[in-house]
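Asker: Attaching a single structure in structure tokens format; questions to follow.
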Amino acid sequence: MPFRWYDKELTEGKAVPADLTGEFLRKFYPDIKIITPEESGKIIANLLEEYDFVMYEFPFTDEAGHNQDFLLALKYIDRIERFLESLLSNVNLKKHLIILTSDHGNLEDL
């Protein structure tokens, strides 16, 4: 299955921006709609009803960890928490399995 991207699925609300809001993409696509982390959680929950497997990756905590930027880390942790609260409250956990994992650490070094 191809990646979902800006030109179609993201603008239709059938994909989630990498940063959960679209703020990062707005640097490249000024007309991108900014959404909340809560909206991103609902989008992923809806996708789980359509597909057997949905994967989302949040790469921005690496930036905060590598740069040792504590305020940026707090911003992204808040964003992830809001996303996860929304996702978990909008998913039937008797029907779907949610796995949360990290590829490596470095944020915790702050």
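The values are calculated or read from the model by the stated rules, or taken from the named source; none is laboratory data. It should be emphasised that the depicted structure is a prediction, and the values quoted were computed from it without experimental measurement. For neighbour counting, all protein chains shown are included, and Cβ atoms are generated from backbone atoms with ideal geometry for every residue, glycine included. All accessible areas refer to the heavy atoms of the entire protein, side chains included, with ligands and DNA or RNA removed. Shrake-Rupley method; radii C 1.70, N 1.55, O 1.52, S 1.80 Å.
Asker: How many percent of the accessible area of the chain is carbon or sulfur, using a 1.4 Å probe?
Answerer: For the chain, the apolar C and S fraction of the accessible surface comes to 56 percent.
Asker: Once label points are set 7 Å from the Cα along Cα→Cβ at both Asn67 and Leu100, what is their separation, rounded to one decimal in nm?
Answerer: The modelled label-to-label distance comes out at 2.4 nm.
Asker: Separate question: Farthest toward the dipole's positive end in region 7-90, which of Phe60, Leu47, Thr36, given Cβ charges of +1 (Lys, Arg) and -1 (Asp, Glu) about the Cα centre?
Answerer: With unit charges placed on the Cβ atoms, the residue in question is Thr36.
Asker: By its C-alpha gyration tensor, with a ≥ b ≥ c as the square roots of the eigenvalues, how is the chain shaped: rounded for a/c under 1.5, else prolate for a/b larger than b/c, else oblate?
Answerer: oblate
Asker: Taking the full set of protein chains and a 1.4 angstrom probe, give the accessible area of Lys75 in square angstrom, rounded to the nearest 10.
Answerer: The accessible area comes out at roughly 90 Å².
Asker: If the reach is capped at under 15 angstrom between alpha carbons, list the aspartates and glutamates near Lys33, excluding any in the same chain fewer than eight residues apart.
Answerer: Hits, sequence-local ones excluded: Asp7, Glu9, Glu12, Asp19, Glu23.
Asker: Between Tyr29, Tyr76, Tyr51, find the one with the highest GNM mean-square fluctuation for the chain; connect C-alpha pairs within less than 10 Å.
Answerer: In this elastic network of the chain, the residue with the biggest mean-square fluctuation among Tyr29, Tyr76, Tyr51 is Tyr51.
Asker: On to the next question. With springs only between Cα atoms under 10 Å, which of Leu100, Leu88, Leu47 fluctuates most in a Gaussian network model of the chain?
Answerer: In the Gaussian network model the winner is Leu100.
Asker: Let's see if you can work this out: charge +1 on each Lys and Arg Cβ, -1 on each Asp and Glu Cβ, no other charges. What is the dipole magnitude of the chain about its Cα centre, in debye to the nearest 20? Intermediate values should be presented prior to the final figure.
Answerer: Working: 12 positive and 21 negative charges, 75 e Å.
Using Cβ point charges on Lys, Arg, Asp and Glu, the chain gives about 360 debye.
Asker: To continue, here is another question. At 1.4 Å probe size, with every protein chain present, just tell me what the per residue accessible area of the chain comes to in Å².
Answerer: For the chain, the solvent-accessible area averages 70 Å² per residue.
Asker: Along the Cα→Cβ direction, 7 angstrom out, place labels at Met55 and Tyr29. What is the inter-label distance in nm?
Answerer: Using points 7 Å along Cα→Cβ, the separation is 2.1 nm.
Asker: Moving to a separate point now. Going by the alpha-carbon gyration tensor, a ≥ b ≥ c the square roots of its eigenvalues, is region 24-65 rounded (a/c under 1.5) or, if a/c is not under 1.5, prolate (a/b greater than b/c) versus oblate? Don't jump to the answer; show the numbers that get you there.
Answerer: Values: a/c = 2.32, a/b = 1.39, b/c = 1.67.
Oblate shape, in that a/c is at least 1.5 and b/c is the bigger or equal ratio.
Asker: Mind telling me which of Asn46, Asn90, Asn67 comes out most flexible in a GNM of the chain, alpha-carbon contacts under 10 Å?
Answerer: Highest fluctuation of the listed residues: Asn67.
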